[in-house]
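Notes follow the structure.
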C-alpha cells in the first residue's frame, strides 16, 4: 500500500503544474487521489507504469469511482488532469456532425417552405394562417443552424473536462433556447395540419378545434414549465454542475411526459383523416394514395421515438458536450421539426409538382411516369376579377376545384374527398 501511495503521489505531483494551465478547474482533488490509489491496487500497477494506469480498462474503473466520490467540478478537474497531463489522451472532435445535420435540415426546410409559398403564388392566393405557422417553424430550424455553428465553436463534441466552464455554461444556455424553440415549433406544425383538416373535413369541426385547443395547451404548459423549471432561471443552464441553490422541478420527468404526449398527439393527427376515409365514396387506389400522404406523419413519430432515449443520456453531467448526450437530443429535435414541416406541406408540394408536371398523376394512374413541361401543358383557370382573393382565403383548398382547378379531374384526389365523396349521413 505504501508503494501505491508513493505511485499516486508521483502521478499527482507530476501533473499539478500542467493542471494549473487547464483553467478554470482546481488542482487534483483528494477524492480523485483516493480513487487512483484504490484502482491501482486492483490492477496491481507499479509506480510510474503509465501504460497500465492509462489503459482503457484502468480508466473504465477509475472514472466511475471519481464520479461517485467527487463533486461534479472535482470530477471534471480530475479527468482533465488524468486525460491531458498524465495520459496525453486525444480529445475527440465529434461536433462536426452538427455542422452537417443542422444545415441539411435548414436547407430542406427552406426548400419545402419555398415550394409552399410558390404554390400560393401560382394560385394567386394570399398566405393563410397555416402558412404563417410553418414560416415560424422554419425560423426555428434556421435558428438551430446558427446555434449549431456557435456551439461547435465553443466545444460541442469534445470531452466536457477539456472545455472551459464558461463555454459549457454558454452551450447549455443555447440548448435551453433550442428546447423552447422545439416545443413551440412542433406545436405550430400540428396546428397548421389541423387547420388544413378543417377545410377537408368540416363535419368534424368540433373534434378538430378540440385538438387545436389541446395542442395549444400542451405548448403553453410545457413552455411555462420549462421557464419555471429552475428558480432563478439561470439554473436551467448552470444546475448541471451540482452547485445550484434554488428551486427546481424534475426536468427529466417533465421531458418524458412531454415526449410521450407529443407522440400521442401525432398519432391522433394521423388517425383522424384515416378514420374519415372509411366514410368516403372513393376508389381503393385513391384512398390508398390519400392514406399514404396522411401517413407521412409516421416520419415525425419515428423522429420523436428515436429522440426519446437521448433524454436519459442528457440527464447526467458526466460528459454533457459529447454527441451521445444533449447534443444528440438537439439534432433529433431539429430533424423532428423539419419532418413536421415536410408533413404539413405535402399537399402544397404535391400541387407544386403537378404544376410543372401536369400529366404526372394521370400517368401514375396508368402506370406511366412523369411527363409534361412547365406551364405549356397545363392551364390553371384564372379567377374572376372581383373578390378572387376573398374566395381563395375563404374556400382554401376547394378553390382548386373551381377558379384554379387543373383541367384534369384525375389530379384532384384530395379535392375529391371534399367535393365528390361526402361522408355517410352528411348528404
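Rule-based calculations on the coordinates, nothing more; no lab input. Just so it is clear, the model here is predicted, and its values are computed rather than measured. Positions of Cβ are generated from backbone atoms using ideal geometry, with glycine treated the same way; all protein chains shown enter the neighbour counts.
Which peptide among 298-310, 179-191 comes first, and what is the full order, when sorted by highest mean count of other Cβ atoms within 10 Å?
Details: 298-310: 18.0, 179-191: 23.5.
Ranked by mean Cβ neighbours within 10 Å, highest first: 179-191, 298-310.
Report the convex hull volume per residue for the range 175-215, counting only C-alpha atoms, in Å³. Numbers along the way, then the final one.
Values: hull volume 1.6 nm³, N = 41.
Per-residue hull volume (Cα only) is 39 Å³.
Over the Cα atoms, compute the radius of gyration (one decimal) and Dmax (the largest Cα-Cα distance, rounded to a whole number) for the range 94-356, in Å.
Radius of gyration, then largest Cα-Cα span, for the range 94-356: 19.8, 65 Å.
Using the Cα atoms of the range 90-200 to build a convex hull, what is its mean projected area in square nanometres? Each step should come with its number before you reach the end.
Numbers: hull surface 31.1 nm².
Its Cα hull, projected and averaged over all orientations, spans 7.8 nm².
In percent, how large is the relative contact order of the range 74-161, given Cα pairs closer than 8 Å and 6 or more residues apart? All intermediate terms of the calculation are to be shown ahead of the outcome.
Values: 52 pairs, mean separation 47.1, N = 88.
Reported relative contact order: 54 percent.
Expressed in nm to one decimal, what extension gain is obtained for the pair residue 61 and residue 254 from 0.36 nm per residue of sequence separation less their Cα-Cα distance?
Values: separation 193, 0.36 × 193 = 69.48 nm, distance 3.24 nm.
Net length gain for the segment: 66.2 nm.
Provide the gained length on full extension for the span residue 124 to residue 302, in nm with one decimal, where the gain is 0.36 nm per separating residue minus the Cα-Cα distance.
Working: separation 178, 0.36 × 178 = 64.08 nm, distance 3.56 nm.
Extra length available between residue 124 and residue 302 comes to 60.5 nm.
Between residue 107 and residue 247, how high is the FRET efficiency from 1/(1 + (r/R0)^6) when r is the Cβ-Cβ distance and R₀ = 45 Å? Nearest 0.05. Kindly include the intermediate steps, with their values, before the conclusion.
Values: r = 42 Å, r/R0 = 0.93.
Approximately 0.60, to the nearest 0.05.
What FRET efficiency would be calculated for the residue pair residue 169, residue 353, taking the C-beta separation as r and a Förster radius of 60 Å, to the nearest 0.05? Don't skip to the end; give the middle numbers.
Numbers: r = 47 Å, r/R0 = 0.78.
Computed FRET efficiency for residue 169 and residue 353 comes out at 0.80.
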